[in-house]
1. Spin-label point model (7 Å from Cα, Cβ direction): what's the VAL162 to LEU242 distance in nm?
2. Multiply the residue gap between ARG122 and ASN259 by 0.36 nm, knock off their C-alpha separation, and tell me the result in nm, one decimal place.
3. Under a Cβ-only charge scheme (Lys and Arg +1, Asp and Glu -1), can you give me the dipole magnitude of the range 166-303 about the Cα centre, in debye to the nearest 20?
4. Roll a 1.4 Å probe over the protein chains and send me the accessible area per residue for the chain in Å².
5. Suppose every K and R has +1 on its Cβ and every D and E has -1 on its Cβ; what is the size of the dipole of the range 7-91 about the Cα centre, in Debye to the nearest 20?
6. Below 8 Å, C-alpha to C-alpha, sequence gap of six or more: please give me the relative contact order for the range 6-94 in percent.
7. Could you tell me how far the Cα centroid of the range 1-58 sits from the Cα centroid of the range 233-278, in Å?
8. For the range 194-258, what's the relative contact order in percent, using C-alpha pairs closer than 8 Å and at least 6 residues apart?
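The values are calculated or read from the model by the stated rules, or taken from the named source; none is laboratory data. The structure presented is a predicted model; accordingly, all values stated were derived computationally and were not measured. All Cβ positions, even for glycine, are placed from backbone atoms using ideal geometry, and neighbour counts span all protein chains on display. Note: areas computed on protein heavy atoms with side chains; ligands, DNA, RNA excluded. Shrake-Rupley method; radii C 1.70, N 1.55, O 1.52, S 1.80 Å.
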Amino acid sequence: MPRKHRVFSLSLDNRKAKLMQSKRRPGRYELSVDGIPQSVVSMTEPTALEYAYIQHIARAIDAAADPGEPLFTVHLGAGALTLARYVEATRAGSPQLVVEFEPALYAAVIAALPLPAGADLRVIFGDARAIADAELPGEGRSPSPALGAAPTGATAVDTDWVDARFTVVDLWDAAVIRHHVASQEFYRRVAARSATDGVVAVNLLDGHPFEYSRRQAATLSTVFEHVAVVLDAEPDDDEGPLSNVVVFASDEPLDIVTNPDLLGTPRPHMLHDDRLTSWIAEARIMTDADGTDSPDPDDPIWD
């Protein structure tokens, strides 16, 4: 097992975050919350990505614009800013926006692992749903009544989170995604803030029969014209382990579908078009009134 030493330990309400540094791999850090890994960052090689799912998202980011071209990227959930650092390394000077719920954790991460000089990254602190629900310029709408008034700083949201070319939805509360940031209503607000050719990537954790992920794919299919699911586990293996599932969505054809070689080797499983429809089957869409949190990895059903 890799040897590590602690960089910081931080209490967040009833949770604890830790940033650990590898002693055997210089420059490598892992952020965890309640013992659940959230991010792995290499400060010496920011394009060296640890997990397969984040590699899949990075390949889609690579294809979203010509090499080196600035790409307005929005990160819902900061973690240790693994993908934000990747975008800066591959598309220097790209405007990026982070929405993060924990200001103390963000400050601790930035203090320990500073961003490169010249990085154009802005951050908005608050609940991603409430921020997504803030009124857009010229929209003339009110925030969702269920969530109360728009968050402080709504004007900044209106000017910053508009026409996103790529949006990463990685909204984990330790090991669980809460249903209010996984509903049809939420994804409609994300779509409203995306460019016409914008791509949204949603990171999930699930296992066979992938009930939660199928519902998420069904929900995103009601909001976007094109949806594809990428997973490294065998989708039909009823004894397979929990694994990350990434749902990509856009109103334009997805590059990973038109050019699946982008995902590299070994090739993950990709579901789209008829195969995706068959996989979704009768899964219900998730709404604010009929949504669930994501499955807890500690639930005995996964034993």
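1. 4.0 nm
2. 46.1 nm
3. So the dipole magnitude of the range 166-303 works out to roughly 560 debye.
4. In whole numbers, the chain has 45 Å² accessible per residue.
5. 440 debye
6. 21 percent
7. Computed from Cα coordinates, the inter-centre distance equals 26 Å.
8. It rounds to 46 percent for the range 194-258.
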